[in-house]
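The values are calculated or read from the model by the stated rules, or taken from the named source; none is laboratory data. The shown structure was predicted, so the numbers you read here are calculated from the model rather than taken from an experiment. Methodologically, a virtual Cβ is constructed for each residue, glycine included, from the backbone with ideal geometry; neighbour enumeration extends over all protein chains shown. Remember, those area values only see protein heavy atoms, side chains included, never the ligands or the DNA or RNA. Shrake-Rupley method; radii C 1.70, N 1.55, O 1.52, S 1.80 Å.
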Amino acid sequence: MRILIVEDEIEIADGIKTILEKEGYQTDAVYDGLSGLDELLSNIYDLALLDIMLPKISGLDVLRSARNSGIDTPIILLTARSQTEDKIIGLDSGADDYLTKPFDAGELLARIRARFRRRDNVITQSLSFADIRLEQSSMKLYGRERSVKLAKKEYQLLEYLLVNHGCILTRNMLVAKIWGYDDQAEYNQLDVYISFVRKKLKFVSANISIVTEKGVGYSLQAGGKNDGI
Ligand code: CA
């Protein structure tokens, strides 16, 4: 699970980062609204903690812009006690929850767990596109007649492509989503895993393909062939 922290008070941001990383979450922290929006638009995060009072653009504007751009990442607002009005505006603008500062580690973690539980319940346990289905619990890819088990990274890669089918995902987005920013050493693994996933799509005779977008990244499209790397 990858969590974005947008908070201009560096000690608070770093404190949250430490707490979350201890729990095994991957995190990135940015310290102003504009960077926060940029990160959110990358759509690689499973959840974002978003402060309201931020330099450059406010948390509420970040939230609105992200939602208007179709980003549905769960967002928990971080608010000061005096910002009751902002909480309401925030929830109306598409925030999923809010936390009033100061909060303790236990409350923060409980809210995050609750958010993930809710999301897991909402997201169907399988994803379908064209003639294939990807099942979360078994990490299996089903075609019309055959199925095949995917390795964890293959599953994550195909899931990310499926959710965003028809869109070009850049190499940076894919690597960040699957391996994390800190893992640039794994960069060339991407092509290897794309070829693994293509083989499995071919194995189940999927009528979809991973298209290489030259110099940019990859996209998942209906039809086509899963040859090459
Ligand atoms: Ca602030």
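Go ahead and estimate [θ] at 222 nm for the chain from helices alone: -39,500 (n - 2.57) per DSSP H run with n ≥ 4, summed, over the residue count, rounded to 500. Kindly include the intermediate steps, with their values, before the conclusion.
Details: 8 runs with 94 residues, N = 229.
Helix-only estimate at 222 nm: -12500 deg cm²/dmol.
With label points built 7 Å along Cα→Cβ from the Cα atoms of LYS140 and MET53, find their separation and express it in nm.
5.5
Less than 15 Å Cβ to Cβ from THR170, Lys/Arg counted +1 and Asp/Glu -1: what total charge do the surrounding residues give?
Values: positive: ARG171, LYS177, LYS214; negative: ASP38, GLU39, ASP191, GLU213.
Local charge sum for THR170: -1.
Once R0 is set to 25 Å, what does the formula 1/(1 + (r/R0)^6) return for the Cβ-Cβ distance between THR100 and GLU11, expressed as a FRET efficiency to the nearest 0.05? Before the final figure, lay out the partial values.
Details: r = 18 Å, r/R0 = 0.71.
For R0 = 25 Å, the calculated efficiency reads 0.90.
How high is the FRET efficiency between ILE89 and ARG118 when r is their beta carbon distance and R₀ equals 22 Å, given to the nearest 0.05? Mind showing how you got there, number by number?
On the way: r = 22 Å, r/R0 = 0.98.
Computed FRET efficiency for ILE89 and ARG118: 0.55.
Tell me which aspartates and glutamates have Cα within less than 16 Å of LYS140's Cα, excluding those fewer than 8 residues away on the same chain?
Here the aspartates and glutamates satisfying the reach criterion relative to LYS140 are ASP131, GLU154, GLU159.
Determine ³J(HN,Hα), in whole Hz, for all residues of segment 41-50 in sequence, where each value follows from phi through the Karplus function 6.51 cos²θ - 1.76 cosθ + 1.60 and θ = phi - 60°; x replaces Gly and Pro.
My calculation for segment 41-50 gives 5, 5, 6, 9, 9, 8, 6, 10, 9, 10 Hz in order.
Test of understanding: in a Gaussian network model of the chain with alpha carbons linked when under 10 Å, which of ARG111, ARG81, ARG171 would top the mean-square fluctuation ranking?
ARG81
Given a 1.4 angstrom probe, I'd like the percentage of the accessible area of segment 126-222 that is carbon and sulfur, rounded to a whole number.
Ligands and nucleic acids excluded, carbon and sulfur give 50 percent.
Run the reach check for LYS87 against aspartates and glutamates, Cα to Cα strictly under 12 Å, same-chain hits fewer than 8 apart removed. What comes back?
Within reach: ASP51, ASP96, ASP97.
On the Cα set of segment 126-222, report Rg and Dmax in Å, please.
12.6, 39
On a 27 Å Cα-Cα criterion, which of the cross-link pairs LYS149/LYS177; LYS177/LYS202; LYS149/LYS214 come out too long?
LYS149/LYS214
Which of LEU150, LEU63, LEU40 moves most in a GNM of the chain, Cα contacts under 10 Å?
In the Gaussian network model the winner is LEU150.
What does the convex hull of the alpha-carbon atoms of the chain project to on average, in nm²? Show your work: numbers first, answer last.
Details: hull surface 51.3 nm².
Its Cα hull, projected and averaged over all orientations, spans 12.8 nm².
Report the percentage of all Cα-Cα pairs in segment 60-119 whose separation exceeds 19 Å, rounded to a whole percent. Spell out each step's value before the answer.
Values: 562 of 1770 pairs.
Counting pairs separated by more than 19 Å, the tail of P(r) holds 32 percent.
Report the label-to-label distance for ASN172 and LYS22 in nanometres (one decimal), using points 7 Å from each Cα along the Cα→Cβ vector.
Computed distance between label sites ASN172 and LYS22 equals 3.3 nm.
Can you run phi through the Karplus equation (6.51, -1.76, 1.60; θ = phi - 60°) for segment 3-16 and list ³J(HN,Hα) in whole Hz, with x for Gly and Pro?
10, 9, 10, 10, 7, 7, 7, 4, 5, 5, 4, 5, x, 4
Quick one: angle between helix 189-203 and the longest Cα principal axis of the chain, in degrees between 0 and 90, rounded to 10, please.
Tilt of helix 189-203: around 50 degrees.
Have a look at ALA48, ALA95, ALA105 and tell me which one the Gaussian network model of the chain (Cα, springs below 10 Å) gives the largest fluctuation.
ALA105
Could you state the angle between the C-alpha long axis of helix 105-122 and the longest principal axis of the C-alpha atoms of the chain, as a value from 0 to 90 degrees rounded to the nearest 10?
40
At q = 0.10, 0.15 Å⁻¹, what is the base-10 log of I(q)/I(0) for segment 2-122 according to the Debye formula with one equal point scatterer per Cα and no solvent? Please give it to two decimals.
-0.25, -0.58
So, R0 is 22 Å and r is the distance between the beta-carbons of VAL192 and ASP72; what FRET efficiency does that work out to, to 0.05? Provide the component values of the computation, followed by the final result.
On the way: r = 30 Å, r/R0 = 1.37.
The calculated FRET efficiency here is 0.15.
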